[in-house]
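These notes are about the structure you will find just below.
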Amino acid sequence: IPYSEELGWGKGVLKPYGPIVLDPAASVLHYGQAIFEGFKAYRQPDGHVKTFRPESNAHRFNASARRLAMPELPVDLFVEAADILIRQEKDWVPNAIGESLYLRPFMIATEAALGVKAAKEYLFILIASPSGAYFPQGVKPVTVWISENYVRAAPGGTGSAKCAGNYAASLVAQTEAKAEGCDQVVWLDAVHRRYIEEMGGMNIFFVYKEGGETVVVTPMLTGTLLPGITRLSLLEIAKKLGFRAEERRISVDDWREAILEGRMTEAFACGTAAVITPIGTVKSAHGEWQINRGETGPVASQLREALLNLQHGVDADLNGWMHQVC
Ligand code: PMP
């Protein structure tokens, strides 16, 4: 769907997958106005296809658009564009639990204009790809690297927007994590360099035992981390399952002490792609600690199953989170 400042949003077209043509002076290539989203379509037991909270992705997309001085796309149009593409490609929606059709909406500045300013022309594009189970051999805990050399997001920056530049700036830390034998980066806040924010493409959760109670905790939204839709959903699912669920500020020292003192029994990451990924080992320049002996814990397993069962229609959708496409 094209956009111009003069005409607003134009008519969308459905095209076979293939390259797109951009002017070499297209604003996105030089000044980085590029935002995106990611969500999935799931086959239901009765053969229908549903997406999970697509309006939430549309709202987050528009929040990203505002931060990058790009035009907002009406929420209905965002959802309808996905519905049209999914209906067209419905045979590509897999049947197995854990598999899905991944949707990737994005918007780029296409105006040919050298000079730093908000572009006047944009393109909204939606592509789709079947996505297999993230852990085909069963859920395997990951090792994470606490990045101290790099920062993902600073106050007033673009951390809470899903813009391409955030990911570009984080790749070098990902390389560092790999060199340290880790799978993922854990980002700390930019001001104190101490509070845990999130992971490369996922939010983070901790499970504490407090006074005989199991408490599920995630860092609170501070404006520098991405407000994950899985994160928000898990806070609600955890409460329904009878856990206390809270948003708190957690420092890296709190994290280490809670593990060593046995108060933290599990940690896991969550996001659209991996659903829930348990964290088995935490590494930093100062040492290495194991959580739950490096194994997947019961709370992560229970939440993972609850979310997957909801998305795949095994459990009833009591919150009205599923959107029927076809
Ligand atoms: N943080 C970052 C930086 C991400 O890229 C993602 C993936 N969109 C998430 C968190 C998780 O968000 P969601 O649950 O909406 O997929």
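Looking for whichever is out of contact with any Cys (no Cβ under 9 Å at 6 or more places or on another chain), away from the ligand (no atom under 16 Å from the Cβ) and of a type in the set (Phe, Trp, Tyr) here; the options are Tyr102, Tyr122. Which one fits? Give the steps one after another, and end with the answer.
Details: Tyr102 fails: away from the ligand (no atom under 16 Å from the Cβ).
Answer to the selection: Tyr122.
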Identity of the residue in region 100-123, surrounded by 22 or more Cβ atoms within 10 Å (Cβ to Cβ) and not small (Gly, Ala, Ser), that ends up nearest to Ala25 (Cα to Cα):
Thr110
How many residues does region 1-31 contain that are under 29 Å from Ser100 (Cβ atoms) and in contact (Cβ under 8 Å) with a residue 24 or more places away in the chain?
9
For region 196-232, enumerate the residues that are more than 26 Å from Arg67 (Cα to Cα), of a type outside the set (Lys, Arg) and away from the ligand (no atom under 13 Å from the Cβ).
Phe206, Val207, Tyr208, Glu210, Gly211, Gly212, Glu213, Thr214, Val215, Val216, Val217
Look through Ala238, Ala177 and report the one residue that is within 19 Å of the chain's Cα centre (by Cα), surrounded by 20 or more Cβ atoms within 10 Å (Cβ to Cβ) and not in a strand (DSSP E or B).
Ala238
When every residue in region 180-195 that is surrounded by fewer than 20 Cβ atoms within 10 Å (Cβ to Cβ) and among the hydrophobic types (A, V, I, L, M, F, W, C) is compared, the one nearest to Met70 (Cα to Cα) is Ala190
Any residue at all in region 12-27 that is in a strand (DSSP E or B), more than 16 Å from the ligand (Cβ to nearest atom) and surrounded by 16 or more Cβ atoms within 10 Å (Cβ to Cβ)?
yes
Test: Tyr17 is out of contact with any Pro (no Cβ under 8 Å at 6 or more places or on another chain), within 14 Å of Leu126 (Cβ to Cβ) and either modelled with pLDDT under 95 or among the aromatic types (Phe, Trp, Tyr) (or both)
yes
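A quick yes/no check of all residues on (1) under 21 Å from Glu148 (Cβ atoms); (2) crowded, with 17+ Cβ neighbours inside 10 Å; (3) of a type in the set (D, E, K, R); (4) at pLDDT 95 or above:
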{"site": "Val216", "(1), (2), (3), (4)": "no, yes, no, yes"}
{"site": "Thr224", "(1), (2), (3), (4)": "yes, yes, no, yes"}
{"site": "Gly228", "(1), (2), (3), (4)": "no, yes, no, yes"}
{"site": "Gly242", "(1), (2), (3), (4)": "no, no, no, yes"}
{"site": "Ala273", "(1), (2), (3), (4)": "no, no, no, no"}
{"site": "Ile276", "(1), (2), (3), (4)": "no, yes, no, yes"}
{"site": "Val282", "(1), (2), (3), (4)": "yes, yes, no, yes"}
{"site": "Gly287", "(1), (2), (3), (4)": "yes, no, no, no"}
Take region 241-265 and flag every residue that is closer than 18 Å to Leu307 by Cα and in contact (Cβ under 8 Å) with a residue 60 or more places away in the chain.
Leu241
Filter region 124-155 down to the residues that are of a type in the set (Lys, Arg) and either surrounded by fewer than 18 Cβ atoms within 10 Å (Cβ to Cβ) or over 22 Å from Phe61 (Cβ atoms) (or both) and list them by number.
Lys140
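Would region 44-63 turn up any residue that is assigned to a loop (DSSP other than H, G, I, E, B), farther than 14 Å from Phe124 by Cα and β-branched (Val, Ile, Thr)?
So the first thing to find is which residues in region 44-63 are assigned to a loop (DSSP other than H, G, I, E, B), and the list is 44-48, 53.
Adding the requirement that they be farther than 14 Å from Phe124 by Cα leaves 44-48, 53.
The next check asks that each one be β-branched (Val, Ile, Thr); those that pass are none.
No: region 44-63 contains no residue that is assigned to a loop (DSSP other than H, G, I, E, B), farther than 14 Å from Phe124 by Cα and β-branched (Val, Ile, Thr).
When the residues of region 199-221 are filtered to those that are in contact (Cβ under 8 Å) with a residue 60 or more places away in the chain and of a type in the set (S, T, N, Q), which remaining residue is farthest from Asn57 (Cα to Cα)? Don't jump to the end; show me each part of the working.
Let us first name the residues in region 199-221 that are in contact (Cβ under 8 Å) with a residue 60 or more places away in the chain, namely 199, 201-207, 214, 216, 221.
This time we only want the ones that are of a type in the set (S, T, N, Q), so: 203, 214.
Values: Asn203: 15, Thr214: 30 Å.
Going through the qualifying residues, I end up with Thr214.
More than 16 Å from the ligand (Cβ to nearest atom) and either loosely packed, with under 15 Cβ neighbours inside 10 Å or part of a helix (DSSP H, G or I) (or both): does that describe Ile97?
Working: more than 16 Å from the ligand (Cβ to nearest atom): yes; either loosely packed, with under 15 Cβ neighbours inside 10 Å or part of a helix (DSSP H, G or I) (or both): no.
Judged against the criteria, Ile97 is not a match.
Determine which member of the set Leu235, Leu260 is within 16 Å of the ligand (Cβ to nearest atom) and either in the same structural domain as Gly156 (by TED's automatic domain parsing) or touching an Asp or Glu at 6+ places or on another chain (Cβ under 9 Å) (or both).
Working: Leu260 fails: within 16 Å of the ligand (Cβ to nearest atom).
When all the criteria are applied, what remains is Leu235.
Is it the case, given these coordinates, that Phe268 is buried (at least 17 other Cβ atoms within 10 Å of the Cβ), among the aromatic types (Phe, Trp, Tyr) and either farther than 29 Å from Gly159 by Cβ or within 16 Å of the ligand (Cβ to nearest atom) (or both)? Don't jump to the end; show me each part of the working.
Values: buried (at least 17 other Cβ atoms within 10 Å of the Cβ): yes; among the aromatic types (Phe, Trp, Tyr): yes; either farther than 29 Å from Gly159 by Cβ or within 16 Å of the ligand (Cβ to nearest atom) (or both): yes.
Here the answer is yes, as Phe268 does meet what is asked.
The values are calculated or read from the model by the stated rules, or taken from the named source; none is laboratory data. Keep in mind the model is a prediction, meaning the values are calculated, not measured. All Cβ positions, even for glycine, are placed from backbone atoms using ideal geometry, and neighbour counts span all protein chains on display.
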